[in-house]
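Here is the structure we will look at, set down as structure tokens.
The values are calculated or read from the model by the stated rules, or taken from the named source; none is laboratory data. On a predicted model such as this, the values are computed, not experimentally measured, just so you know. Because the Cβ atoms are built from the backbone with ideal geometry, glycine has one as well, and the counts that use them run over all protein chains shown. Ligands, DNA and RNA are stripped out before the accessible areas are found, and what is left, the full protein with its side chains, is counted by its heavy atoms. Shrake-Rupley method; radii C 1.70, N 1.55, O 1.52, S 1.80 Å.
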Amino acid sequence: MNDILPEETPAWRFLEATLADLLTEYGYREIRLPLLESTELFRRSIGEVTDIVEKEMYTFADRNGDSVTLRPEGTAGCVRAAAQHGLLRESVQRLWYRGPMFRHERPQKGRLRQFHQFGAEVFGLPGPDIDAEMLAMTDRLWRRLGIHDALELELNSLGTPESRAAYRAALVAYLSEYRAELDEDSQRRLDTNPLRILDSKAERTQVLLADAPALADHYDDESRRHFAGLRERLDTAGVRYRINPRLVRGLDYYGKTVFEWTSDRLGAQATACAGGRFDGLIEQLGDRPTPAIGFGIGLERLLLLLQATGGAESVDRGLPDAYLVAADAVAATALPVAERLRDAVPDLRLQCHCGGGSLKSQLKRADRSGAAFALILGEEEAGSGSLTLKYLREDRPQQRLALEEAAAVLGRECAAARRCV
Ligand code: ATP
Ligand code: MG
């Protein structure tokens, strides 16, 4: 589990703010959910025979002996909350959330045990129009973050439950003939979760899959109509995608549309955003049948992309605009002067020197702080209600200014000088 250090938080805040703003522009509202849920919720929604439930959850008994789990993903809790608070009774819900998720995996680049997701879910819309809008929204998101060129949309349809059942039978019949040649995981999955064999990485299994029956050949009318409707809308909106017939996703609750945004800049952990439609889940959890679709973005992987494409260098690092230094004899007046400046320039980022020392050493600190201006409060300045403003990043003469004038200059120049280095 990772610490996120002060050098890294500006890029995180940039990502989080950009995502939240964009989702708001599309009419989504934020929901905040607990990190801990009953284990049962995840077992029932994610599915017993999935990587997450089989081997990745942080599960323990609380003081009452109830089994609880640190959330490994956000959809289950979001559905639980929406059902519990009657949100599903209202016509349509567009929701987003973000925060840490927990999975006991082997930590490596792009894979952590506490990682962060930004997720969105829409409840109450059955048609492909919302699927298309959601994908157009993520497409715009990458553009806004400047990482669009590094990502590709992979798309598939798992079809309706009926067509999936027909396909499942055909796939099992075919693969059973080669059972002994399958990798160990796939042999196990043949009995429990055969569709997951499609994304096996084992070479021999891959070869066998090349001649396996295709999911698309088993779509019923409804599956075909939905998928065609989605593709048509993406085409007219200019959202590019690649059909990946092997894309099945690891969670049990998906049906019809599934998608992943992947990148060749991320190494082995290539998926930055993944999601799909889960029309059956809410009913399966005991509430009224409600169509639903959602996605989760792995923020650590998005950050890696931002770094790989150079976008992380231009985020606001939150450096001070100005650094106030004061001569020893008048040090006690620094605080009221600073507070008056803060009153006059509401968003001013002003760092006040604390801890004394010579003006020379204080000015060194001012320089190291990254501030654009040093504000010098010497004995003369203090006596006349003024400040000396020194430009730290530009070759301009310093000027002595009355406090009000100094405030006016800072108000004018700070935003412009707020360097994004
Ligand atoms: P993967 O194939 O990488 O294991 P997944 O299918 O398990 O991913 P999802 O459950 O779909 O992942 O989660 C959505 C997104 O969350 C992923 O696409 C990825 O960006 C991110 N993610 C998942 N697990 C981790 C992890 N352990 N560390 C960092 N990010 C993760
Ligand atoms: Mg995983």
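As a fraction of the 1.4 Å probe accessible area of region 322-417, surface on carbon and sulfur atoms comes out at 51 percent.
Measuring nothing but how far apart in sequence close Cα pairs (under 8 Å, 6+ apart) lie, relative to its length, region 322-417 scores a relative contact order of 30 percent. Annotation: the antiparallel percentage among DSSP beta bridges lying fully within region 322-417 is about 50. Using a 1.4 Å probe, what is the accessible area per residue for the chain, in Å²? Solvent-accessible surface per residue comes out at 48 Å². Estimated purely from DSSP H runs of n ≥ 4, each contributing -39500 (n - 2.57), the mean residue ellipticity at 222 nm for the chain is -11500 deg cm²/dmol once divided by its residues. The alpha-carbon positions of region 322-417 define a convex hull whose volume is 87 Å³ per residue. Work out the count of Lys pairs in the chain where the Cα-Cα distance is under 29 Å, with the pair 8 or more places apart or on different chains. The number of close lysine pairs in the chain is 7.
Relative contact order for the chain: 15 percent, from Cα pairs under 8 Å spaced at least 6 residues apart, divided by residue count. Residue separation of LEU35 and ASP221 scaled by 0.36 nm, minus their Cα-Cα distance, works out to 62.9 nm of gained length.
Sorted from greatest to least, the principal axis extents spanned by the alpha carbons of region 233-371 come out as 74, 38, 30 Å. Beta-bridge orientation, the chain: approximately 80 percent antiparallel, per DSSP, counting only bridges with both partners inside. A simple spin-label model places pseudo-atoms 7 Å from Cα toward Cβ; at ARG179 and GLU90 they are separated by 5.2 nm. Dipole size of region 322-417 about its Cα centre, with +1 on Lys/Arg Cβ and -1 on Asp/Glu Cβ: approximately 360 debye, rounded to the nearest 20.
In the elastic network of the chain, a GNM with C-alpha springs shorter than 10 Å, the most mobile of ARG188, ARG317, ARG368 is ARG368.
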